[in-house]
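The structure appears right after this line, and notes come after that.
The values are calculated or read from the model by the stated rules, or taken from the named source; none is laboratory data. Nothing here was measured: the structure is a model prediction, and the numbers come from that model. Cβ placement follows ideal geometry from the backbone for every residue including glycine, while neighbour counts extend to all protein chains displayed. Areas reflect the complete protein model, heavy atoms only, side chains present, ligands, DNA and RNA absent. Shrake-Rupley method; radii C 1.70, N 1.55, O 1.52, S 1.80 Å.
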Amino acid sequence: MRLTRQRLNRTLLLRQHLLERVAMTPVQMTEHLIGLQAQENLPPYLSLAARLTEFDPHEVSRLLEERALVRLLTMRGTIHLLTPEDAAVLRPWVAARIEQEIRVSQSIGDAREIDRAEAVAALREVLADGPLPQKEIGLRLAERYPYSATQLGQLARSIAPLAQLPPRGCWKKSGGVVYDYVDRWTGLPMGEPDVPDLVRRYLRAFGPATAADVTAWSAVTRLVPVLKGMDDLVQHEDEDGKVLYDVEGAPVAEEDAPAPVRLLGTYDNLWLSHAARDRVTDPEARKSWMGTNGGIGNTLFADGRLAGIWRPVDGKVEIDRLHRDLTKREQAELDEEVARVEALLAR
């Protein structure tokens, strides 16, 4: 099947549950999306609120406290909100990519020169008695190595699967970063990733797609042989004739499927998970999202594409800028979406 740019846009939104909200739990949605971007506290809450018919942000806090959800450095070397089961396999899968990040990270600096096995063993000793704040981890490692505590704390979070513990990431709660080994925190041992299964799950949530798209989402490379070797996948083509892989029977949306206005956060894997990153954005819109002097704004989507930037101000939604005039229908949808988000912010 040859899929137009418009049909790929609508299919992505359909599989992301952004054409119509659905009755799923936060855990079910987090599992379906294979994690939610959680570099900042607010975006995963906005991501869930945009997709679920009923959403209580305090439930996510409870799930974090009960260890049914966890915050962990995974895809693309960024923090994601994950189920414990996904945390156990995703971190080993992306470990090689995180190691590459260590080698170029300015925040780690010369601390990267420490023998990796030695550093892992030292960290194990530091955390032997249980969780510690990142600052304390860095200070204790600085007693052993001639580098700054800040650099060593950054190194620690990268060389080991350390979960960020609550209240970090909880709704309207503050607190510094406290780390513990994710397997000790959740009680689930680290596992060997089933890469074909991860690819299928990615396609169900983000497909149809290329191997380069899976790499854009995960930062894991050398996936072409994996996809080519999966006999159960079907193939489509985009407008340029490029082969797109897909899970057999996965839904493909119609081009004219309505795409309501949605307000999302500064980050959402919706627009970070394809090589060209153009399924829902245009180059000029991306420049607007990046903002002035590298600032990044919360995102407004209309008719399935990035159409503006907004920010929360004193519990209210303030539209910072629109890339185009909205139609009357879109303005009505925006008013409804603003009301929903402001009700969320008030909780």
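Structure summary
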| item | result |
| --- | --- |
| Qualifying positions in region 323-347 - surrounded by fewer than 16 Cβ atoms within 10 Å (Cβ to Cβ) and under 26 Å from GLU284 (Cα atoms) | ARG324, ASP325, THR327, LYS328, ARG329, GLN331, ALA332, ASP335 |
| Options GLU40, GLU59, GLU20, GLU54: the member that is surrounded by fewer than 22 Cβ atoms within 10 Å (Cβ to Cβ) and closer than 19 Å to THR78 by Cβ | GLU40 |
| Condition check for SER288: polar (S, T, N, Q), open to solvent by less than 30 Å² (accessible area, probe 1.4 Å), farther than 22 Å from ARG97 by Cβ and under 21 Å from the mean Cα position of the chain (by Cα) | yes |
| Single unsatisfied condition, LEU334 versus (1) without any contact (Cβ under 8 Å) to a residue 40 or more places away in the chain; (2) more than 28 Å from LEU82 (Cβ to Cβ) | (1) |
| Every pair of residues 6+ apart whose Cβ atoms lie under 7 Å, when the first sits in region 143-165 and is closer than 12 Å to VAL177 by Cα while the second is assigned to a strand (DSSP E or B) and among the small types (Gly, Ala, Ser) | none |
| Qualifying positions in region 162-208 - of a type in the set (Gly, Ala, Ser) and open to solvent by 40 Å² or more (accessible area, probe 1.4 Å) | SER174, GLY176, GLY187 |
| Matching residues in region 217-226 - criterion: being surrounded by fewer than 19 Cβ atoms within 10 Å (Cβ to Cβ) and not in a loop (DSSP other than H, G, I, E, B) | VAL224, PRO225, VAL226 |
| Selected residue [exposed (fewer than 15 other Cβ atoms within 10 Å of the Cβ) and acidic (Asp, Glu)] from ASP240, ASP213 | ASP240 |
| Residue in region 258-267 that is at pLDDT 95 or above and surrounded by fewer than 14 Cβ atoms within 10 Å (Cβ to Cβ) present | yes |
| Close pairs (6 angstrom Cβ cut-off, 6 or more residues apart or separate chains): more than 15 Å from ALA205 (Cβ to Cβ) in region 241-252, surrounded by 10 or more Cβ atoms within 10 Å (Cβ to Cβ) anywhere | VAL243/GLN235; GLU248/VAL234 |
| Test set (1) open to solvent by 10 Å² or more (accessible area, probe 1.4 Å); (2) part of a helix (DSSP H, G or I); (3) in contact (Cβ under 8 Å) with a residue 40 or more places away in the chain; (4) more than 30 Å from TRP310 (Cα to Cα) - ILE98 fails condition number | (1) |
